[in-house]
Amino acid sequence: MGHPVLIAAELEPLLQPDQLVGLDVTWLASAEPTPKGDFLALVPLLSRWVGGTELKRLPQLKVVANCAVGHDNVDVVAAEMRGIKVTNTPDVLTDATADLTWALILACARRVVEGAEVVKSGRWSGWHPELLLGIELRGRTLGLFGAGRIGQAVGRRATAFGMRILYTARNARPEFERATGAGKVERSQLFRESDVLSLHLPSRPETKGVIDGDALRQMKPTAILINTARGDLIREEALAIALEEGRLGAAGLDVYLDEPAIHPRLLAAPRTVLLPHIGSGTLEARRQMAAIAVANVQAVLKGEAPLTPVFG
Ligand code: NAP
């Protein structure tokens, strides 16, 4: 008999049998609540809340190996108090998420979704010099709010588009600055000067609602707001109102406060490109995320240090 572990059922097709050697896996579908039991490890998707109540039902738990780089679905303090390790899946999804961020930037700048809708609906009546005019990116300013792994990967791609790069973070990134010419600025300057503002902060109590009505009022009326980080960074109603009133150019979003529900006013607002949280959605990234999550479980159950702990 192997070690009893709970793994999100949706990951089964992405895992190979040799990765699961020594584990007695109970596959847990995302619609099912976290069960009680003597499981030693839990590999949840980011849609499963793992808080004190869930941890109490799993008294033997040694590790929560989250299958995401964000870990806002896990009460890390409650886990730490019980001596449970928490791990995430950094790096392997950085390029996939940076690529999708650029898909949203280009879709908003060049009105790709509106154009596709005009064609598919049969409303296209021919070439017109002013049909769906967008903006050119060369010479414009890309603002990165958060310049960690993904923020920097988005910034490195911006040099090929000839963009000026500004970023806001607590710590300076001198190597990134040298490579891209990026400049570190306070958030009010970032809001005022960005033609494209892209969010790459984690969800934390202090980052919730960083893009609120006040931030939106500081932004250029032509600016494009991109969010491939976490939905709770943005006050969605305030964003919807800014778009309705033409105080913002466009918004490209992959994540929402109450996923999969989207604020109805935001859903109805003009100039949006709305994706269903597919930032890390490449086969390569998803396989590696599942592999790292299970490798963290294997390490902890062998008494070794986890590969990618959330803290130290
Ligand atoms: P990361 O390397 O940890 O970077 C996070 C950045 O945010 C850093 O610049 C960090 O720099 C800054 N930061 C951290 N805490 C902050 C705070 N309290 N206030 C202000 N700035 C803070 O993370 P990453 O790998 O780039 O991922 C970023 C986020 O993207 C994840 O947390 C996740 O939620 C999201 N994500 C979404 C998808 C998707 O599918 N859409 C995929 C992957 C990741 P300083 O510490 O210097 O401030």
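Read-outs: derived from the displayed coordinates by stated rules, not from any lab. What you are looking at is a predicted structure, and each value in this text was computed from that prediction instead of being measured. Please note: Cβ atoms are built from the backbone with ideal geometry, for glycine as well, and neighbour counts cover all protein chains shown.
Points 7 angstrom from Cα along the Cβ direction at Glu259 and Ala160: gap in nanometres?
For Glu259 paired with Ala160, the spin-label model returns 2.5 nm.
Which whole-angstrom value gives the distance between the alpha carbon centres of the stretch 182-202 and the stretch 123-140?
26 Å
Using only the Cα atoms, work out Rg/Rh for the chain, with Rh taken as the Kirkwood radius, to two decimals.
1.02
Among the DSSP beta bridges whose two residues both lie in the chain, what percent are antiparallel, rounded to the nearest 5?
Details: 1 of 39 bridges.
Of those bridges, close to 5 percent are antiparallel.
For a quick check: sort Ser203, Ser125, Ser198 by the number of other beta carbons within 10 angstrom, fewest at the front.
Ser125, Ser203, Ser198
Please give the net charge around Phe176, taking every other residue with its beta carbon less than 13 angstrom from that of Phe176, where Lys and Arg add +1 and Asp and Glu add -1.
Once all neighbours under 13 Å are counted, the net charge is +4.
What base-10 log of the normalised intensity I(q)/I(0) is obtained for the stretch 73-132 from the Debye formula, alpha carbons as equal point scatterers, at q = 0.12 Å⁻¹?
Relative scattering, expressed as log10 I(q)/I(0), comes to -0.57.
Is there a pair in Lys36/Lys208; Lys85/Lys302; Lys56/Lys85; Lys56/Lys208 whose C-alpha atoms are over 23 Å apart, and which pairs would that be?
Lys36/Lys208; Lys56/Lys208, as the Cα separations exceed 23 Å there.
Quick one: helix 94-109 against the long Cα principal axis of the chain, what's the angle to the nearest 10°, folded into 0 to 90?
Its long axis makes an angle of about 30 degrees.
By counting other Cβ atoms within 10 Å of each Cβ, how are Lys208, Lys120 ranked from fewest to most?
Lys120, Lys208
Before rounding to the nearest 500, sum -39500 (n - 2.57) across all DSSP H runs of length at least 4 in the chain and divide by the residue total; then give [θ] at 222 nm in deg cm²/dmol. Walk me through the intermediate numbers first.
On the way: 11 runs with 99 residues, N = 312.
One gets -9000 deg cm²/dmol as the mean residue ellipticity at 222 nm.
At a 10 Å Cβ-Cβ cut-off, how would you order Val69, Val77, Val112, Val196, fewest neighbours first?
In order of increasing Cβ crowding within 10 Å: Val77, Val112, Val69, Val196.
Using a Förster radius of 22 Å, what is the FRET efficiency between Ala268 and Lys120 based on their Cβ-Cβ separation? Nearest 0.05, please.
0.65
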